[in-house]
1. For residue 416, only one of the following conditions fails: (1) surrounded by fewer than 17 Cβ atoms within 10 Å (Cβ to Cβ); (2) not assigned by TED's automatic domain parsing to the domain that holds residue 379. What is its number?
2. In this structure, is residue 204 on the phi > 0 side of the Ramachandran plot and within 15 Å of the ligand (Cβ to nearest atom)?
3. For the stretch 347-354, state whether one or more residues are touching a helix residue (DSSP H, G or I) at 6+ places or on another chain (Cβ under 6 Å) and surrounded by fewer than 24 Cβ atoms within 10 Å (Cβ to Cβ).
4. For residue 234, are the conditions met, namely being more than 10 Å from the ligand (Cβ to nearest atom), more than 15 Å from the chain's Cα centre (by Cα) and free of Cβ contacts under 8 Å to residues at least 24 places away in the same chain?
5. Tell me the strands (runs of 3 or more DSSP E) entirely within the stretch 102-159 that contain at least 2 residues that are within 16 Å of the ligand (Cβ to nearest atom).
6. Taking residue 467 as the residue in question, decide whether it is more than 15 Å from the chain's Cα centre (by Cα), surrounded by 16 or more Cβ atoms within 10 Å (Cβ to Cβ) and under 25 Å from residue 102 (Cα atoms).
7. Listed residues 416, 407, 426; which is touching a strand residue (DSSP E or B) at 6+ places or on another chain (Cβ under 8 Å) and either without any contact (Cβ under 8 Å) to a residue 40 or more places away in the chain or more than 16 Å from the ligand (Cβ to nearest atom) (or both)?
8. Go through the stretch 9-33 and give me each residue that's over 25 Å from the mean Cα position of the chain (by Cα), in a strand (DSSP E or B) and either without any contact (Cβ under 8 Å) to a residue 24 or more places away in the chain or under 19 Å from residue 203 (Cα atoms) (or both).
Ligand code: NAD
């Protein structure tokens, strides 16, 4: 089997390997991927540092062309890359191809941003002096990503990093090296100068930690769990390294009495359970007012009964497997925690057997939940949602905000007044009206509040906040 190696200083390198396993069929080895050592990570950082002076001064047409070429290849190969994504991570084929196409859109967007770099020329408070405010690249950016969006998240970090003239050391999650390797291979062949983008696959505690500790990394952008994020932030602050964190969510979806029932059920089903509930923006708390509660629970349960959970690569599958045994154990643990806390398991929660050995879990719906239960306060990151019954819109809003996270939040209502009220008052970085809490555009800011996010927003032109640093120059 071919070994897919790390890319350090423009050379594919590495001997130690680990297998990449298909969660729909654990007998299927997707590939063998190099596992970097701390020394490999240090070499990658040195290569990125050496490449920075030239790349930071590269022309905007060079960056534009490279990012555009990357977008074109990703789009042209979206079926193949989407297939790899589904095989490696377990989301359905449609979701895998959709995520791949989104990555192409992101590269196209930042190809355009490279041509829109600008600054300001303003008069000084002192006569005869000119002031210019410009943006410059930050330096070497360390990119650390999770497994659940193995193409889109690396794309939305790598594309702006390169667009604004930074060099990169990229460490993907251990479970999804295939997508990371493919993306880096495309960028490498598109013509990136050596050392501008380095790939170091391997363990977080080894490779990620080496990046966090290195004085030669100028900024770290991280997406992953709150625990890892907090440790990275503390280390970065200690050495004054710029840091951006996107972390967990426990996103509320409020269903008000006047909601269109079909819309509410569609939105809840998609937001809570699609992509196996493994989205930071998943609606894991369904907060439902009394007048619609029973009808909503009955209709959602009916829909869940018909959902097809199976091999991610089968065309009819609507929900693929959980990503691995650890995540499955966590989901199953939370299902017993919910039962022990007194919530009613209204549907699902059983392990499923399919024709191949995989991590199949029937989506689980809890009802009669209290907001202070652990299943309503802690991120489960699986196909598990809790319904909380409330009296009215006021109680729903208070309950929605009574959570340490603040990534995404939604409301289903037919009332413009209520939609406006919830848009203004939900404590979240993103608010959805009659739409799933998960599923966002590629050209507008993405991020949250409270324990969900730290630092500037990602995506869209707001990405320049993190990937550049501002200079104010005075000339007489
Ligand atoms: P994780 O925190 O376990 O790992 C994330 C990355 O950090 C991996 O690449 C891992 O190897 C690395 N890492 C681990 N220890 C490290 C260390 N000591 N130093 C440096 N890096 C280290 O998270 P995960 O299980 O891969 O992803 C799931 C989490 O990601 C969930 O909490 C989910 O909500 C979150 N997530 C958030 C967003 C968002 O944008 N807010 C998007 C997707 C996923």
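1. Unmet for residue 416, out of (1) surrounded by fewer than 17 Cβ atoms within 10 Å (Cβ to Cβ); (2) not assigned by TED's automatic domain parsing to the domain that holds residue 379: (2).
2. Values: on the phi > 0 side of the Ramachandran plot: no; within 15 Å of the ligand (Cβ to nearest atom): yes.
In short, no.
3. The first filter runs over the stretch 347-354 and keeps only residues touching a helix residue (DSSP H, G or I) at 6+ places or on another chain (Cβ under 6 Å), leaving 347, 349.
Imposing the further condition that a residue be surrounded by fewer than 24 Cβ atoms within 10 Å (Cβ to Cβ) reduces the set to 347, 349.
Yes, that holds for at least one residue.
4. Working: more than 10 Å from the ligand (Cβ to nearest atom): yes; more than 15 Å from the chain's Cα centre (by Cα): yes; free of Cβ contacts under 8 Å to residues at least 24 places away in the same chain: yes.
Criteria met by residue 234.
5. On the way: elements: 120-123, 130-137, 140-144.
The qualifying strands (runs of 3 or more DSSP E) are 140-144.
6. Working: more than 15 Å from the chain's Cα centre (by Cα): yes; surrounded by 16 or more Cβ atoms within 10 Å (Cβ to Cβ): yes; under 25 Å from residue 102 (Cα atoms): yes.
Against the criterion (more than 15 Å from the chain's Cα centre (by Cα), surrounded by 16 or more Cβ atoms within 10 Å (Cβ to Cβ) and under 25 Å from residue 102 (Cα atoms)), residue 467 qualifies.
7. Values: 416 fails: touching a strand residue (DSSP E or B) at 6+ places or on another chain (Cβ under 8 Å); 407 fails: either without any contact (Cβ under 8 Å) to a residue 40 or more places away in the chain or more than 16 Å from the ligand (Cβ to nearest atom) (or both).
When all the criteria are applied, what remains is 426.
8. Applying the first criterion (over 25 Å from the mean Cα position of the chain (by Cα)) to the stretch 9-33 yields 9-17, 27-28.
This time we only want the ones that are in a strand (DSSP E or B), so: 11-13, 17, 27-28.
Answer for the stretch 9-33, where residues must be over 25 Å from the mean Cα position of the chain (by Cα), in a strand (DSSP E or B) and either without any contact (Cβ under 8 Å) to a residue 24 or more places away in the chain or under 19 Å from residue 203 (Cα atoms) (or both): 12, 13, 17.
The values are calculated or read from the model by the stated rules, or taken from the named source; none is laboratory data. Computed from a predicted model, the values in this text were never measured in an experiment. With ideal geometry, Cβ positions are generated from the backbone for all residues, glycine too; neighbour counts draw on all protein chains shown.
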